[in-house]
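Written below as structure tokens is the structure these notes are about.
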Amino acid sequence: MELREQLTNRLSDNFTETDAERLKQFGEHYRGKVRDLFIGDKEIIMVTTDRLSAFDVVLTSVPCKGAILNGITLAAFEATADICKNHIIDSPHPNVMRVRKAEPISAEIIVRRYITGSLWRDYEAGKAGVYGIEFPTDLKRDQRFETPIITPSTKAAVGEHDLPISREGLVSEGHVEKELLDQACEIAVKLFERGEELAAKQGLILVDTKYEFGMIDGELAVIDEIHTADSSRYWVADEYEARFAAGDSQLMLDKENIRQWLISQGYKGEGEPPAIPGDVRVDLAEKYVELYQRLLGKEFVPADVKSPADIYSVLGA
């Protein structure tokens, strides 16, 4: 059976909701945009669903998305463990990570090598100054920065929007202390550079990515997910130069595909979102699978993704 057919068959079998009652023994339930957390005294059960969010709004679901995100995250944590401590303990199910409980930093550290996506839209609209960075006036869409830049955002609650902010603003508004923020930003750039190296070996460009940090036993640690198609942008490397020179859009293997589709429908996060057809959801699933297979160097088989019901049995719930 072809991959697209397998993914299409999973459209009606997406994992969108966790039975919170069955997992209440593991702690307080918190429902994020994509993940359901069960927060205990020292550990958290993170259940990654197939829910799809864009512009900080949960919109629909994408076949096998949760298992793909988890697989990429686990590989990325392993590949960067020498740079920064992370919160992973183990993964008893393709959609589940058991992690150490951390005290999160109230900021998202976004590292960018190219001006694209939301940064390009802000730059065109004259709003990029919010980051406290002086950008040249002659930049072109998708242009590469000589060195990575950091454009932070606040960490919003579910149903609210993350807000762009400068590093100075994060400190002055009391989101995070300067010394800790500086440390997080320094580590974030090192993580990003490692991600760039690994992507380049697979013919990909890591364009930008988001990192979240927390404190575990008094030590800074990277938490949540890293280098996935949800938290990062990836382009196909051998397509970049020609597409950039022509002013064409890059070949993307990430969630920016659905953002662009939504923008084409006149939706940017405000008001009622459009219904997303099944074929658009499968298109995105194919991009996620391609990224998984290229980054990890192994096949992804949708039929091998275990049923969400297995989550409860492997956790003894």
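The values are calculated or read from the model by the stated rules, or taken from the named source; none is laboratory data. Computed from a prediction, not measured in an experiment: that's the story for all the values here. All Cβ positions, glycine included, derive from the backbone under ideal geometry; neighbour counts span all protein chains shown. When the accessible area is computed, the model is the full protein with side chains, heavy atoms only, and any ligands, DNA or RNA have been set aside. Shrake-Rupley method; radii C 1.70, N 1.55, O 1.52, S 1.80 Å.
Numerical summary
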| quantity | calculated |
| --- | --- |
| Single condition Phe300 does not satisfy, out of (1) open to solvent by 60 Å² or more (accessible area, probe 1.4 Å); (2) outside any helix (DSSP H, G or I) | (1) |
| Pairs, first free of Cβ contacts under 8 Å to residues at least 60 places away in the same chain in segment 74-90, second of a type in the set (Lys, Arg), C-beta under 6 Å, six or more apart | Ile89/Arg98; Asp90/Arg98 |
| Of the criteria (1) open to solvent by less than 40 Å² (accessible area, probe 1.4 Å); (2) touching a residue at least 40 places away in the same chain (Cβ under 8 Å), which one Pro164 fails | (1) |
| Qualifying residues in segment 180-221 (those that are over 16 Å from the mean Cα position of the chain (by Cα) and among the polar types (S, T, N, Q)) - the one nearest to Leu163 (Cα to Cα) | Gln183 |
| Every pair of residues 6+ apart whose Cβ atoms lie under 6 Å, when the first sits in segment 109-127 and is over 16 Å from Asp142 (Cβ atoms) while the second is crowded, with 21+ Cβ neighbours inside 10 Å and among the small types (Gly, Ala, Ser) | Ile109/Ala184; Ile109/Ala188; Val111/Ala188 |
| Test: residue in segment 175-192 that is under 23 Å from Lys268 (Cα atoms), open to solvent by less than 20 Å² (accessible area, probe 1.4 Å) and among the aromatic types (Phe, Trp, Tyr) | no |
| Qualifying residues in segment 260-278 (those that are in contact (Cβ under 8 Å) with a residue 40 or more places away in the chain and assigned to a helix (DSSP H, G or I)) - the one surrounded by the most Cβ atoms within 10 Å (Cβ to Cβ) | Leu262 |
| Long-range neighbours under 8 Å by Cβ, at least six apart or interchain, first residue part of a loop (DSSP other than H, G, I, E, B) within segment 237-259, second hydroxyl-bearing (Ser, Thr, Tyr) and crowded, with 17+ Cβ neighbours inside 10 Å | Gln250/Thr116; Gln250/Tyr240; Leu253/Tyr234; Leu253/Tyr288; Asp254/Ser232; Asp254/Tyr234 |
| Selection count, segment 47-70, where residues are out of contact with any helix residue (DSSP H, G or I) (no Cβ under 6 Å at 6 or more places or on another chain) and farther than 18 Å from Pro277 by Cβ | 7 |
| Tyr288 being outside any strand (DSSP E or B), modelled with pLDDT of 95 or more and not basic (Lys, Arg) | yes |
| Given (1) exposed (fewer than 14 other Cβ atoms within 10 Å of the Cβ); (2) part of a helix (DSSP H, G or I), index of the condition Met1 fails | (2) |
| Test: residue in segment 96-105 that is in contact (Cβ under 8 Å) with a residue 24 or more places away in the chain, on the phi < 0 side of the Ramachandran plot, open to solvent by less than 20 Å² (accessible area, probe 1.4 Å) and not hydrophobic (A, V, I, L, M, F, W, C) | no |
| Among the residues listed as Asp279, Asp254, the single one being more than 21 Å from His227 (Cα to Cα) and either at pLDDT 95 or above or not small (Gly, Ala, Ser) (or both) | Asp279 |
| Test: Val222 is surrounded by 18 or more Cβ atoms within 10 Å (Cβ to Cβ) and in contact with a Cys (Cβ under 7 Å, 6 or more places away or on another chain) | yes |
| Exclusive hit being in contact (Cβ under 8 Å) with a residue 60 or more places away in the chain, more than 14 Å from Pro148 (Cβ to Cβ) and not in a strand (DSSP E or B), set Glu196, Glu225, Glu212, Glu179 | Glu225 |
| Selected residue [under 24 Å from Glu290 (Cα atoms), in contact with a helix residue (DSSP H, G or I) (Cβ under 7 Å, 6 or more places away or on another chain) and among the aliphatic types (A, V, I, L, M)] from Leu198, Leu181, Leu220, Leu139 | Leu198 |
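Results for (1) surrounded by 22 or more Cβ atoms within 10 Å (Cβ to Cβ); (2) not hydrophobic (A, V, I, L, M, F, W, C), shown as yes or no for each residue.
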| position | (1), (2) |
| --- | --- |
| Ile44 | yes, no |
| Val47 | yes, no |
| Asp50 | yes, yes |
| Ser53 | no, yes |
| Leu59 | no, no |
| Val62 | yes, no |
| Gly66 | yes, yes |
| Ile72 | yes, no |
| Ala75 | no, no |
